[in-house]
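What follows is a set of notes on a single structure, which appears directly below.
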Amino acid sequence: MLQRAIFGFGTTELMLIFGVVLIVFGPKKLPELAKGLGKGLREFRKASDDVSQAIHEASVEEIEAPKGSVTPEAVETAVPVERSEEQ
């Protein structure tokens, strides 16, 4: 029989852990603990998204070209010179 596992724990182990937590903290503290855990995870996710966004913005930021250099716009708008085959 296959059991679904979370972090390598089977159903029996998860129920045992939940029972011990319930006995240690009691049914009144358990919702408060879950709420605090949820807030902590939310803040961690927000912080990691902010760091990821900052890294992405820094990598995409354009670097200003040195003065006098040829820009891609100038190359695209240049008129091609036709050469004649006169010799």
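Observations
- Cα-projected label distance for I23 with S48, points at 7 Å along beta-carbon direction, nm: 3.3
- Under Karplus coefficients 6.51, -1.76 and 1.60, residue-wise ³J(HN,Hα) of the stretch 14-22 in Hz, glycine/proline x: 5, 5, 5, 4, 4, x, 5, 4, 5
- Here the Karplus curve 6.51 cos²θ - 1.76 cosθ + 1.60, taken at θ = phi - 60°, turns the phi angles of the stretch 44-50 into couplings of 4, 4, 5, 5, 5, 5, 5 Hz, with x standing for Gly and Pro.
Values in this text are rule-based calculations from the coordinates and carry no lab data. Quick caveat: nothing in here was measured; it's all calculated off a predicted structure. With ideal geometry, Cβ positions are generated from the backbone for all residues, glycine too; neighbour counts draw on all protein chains shown.
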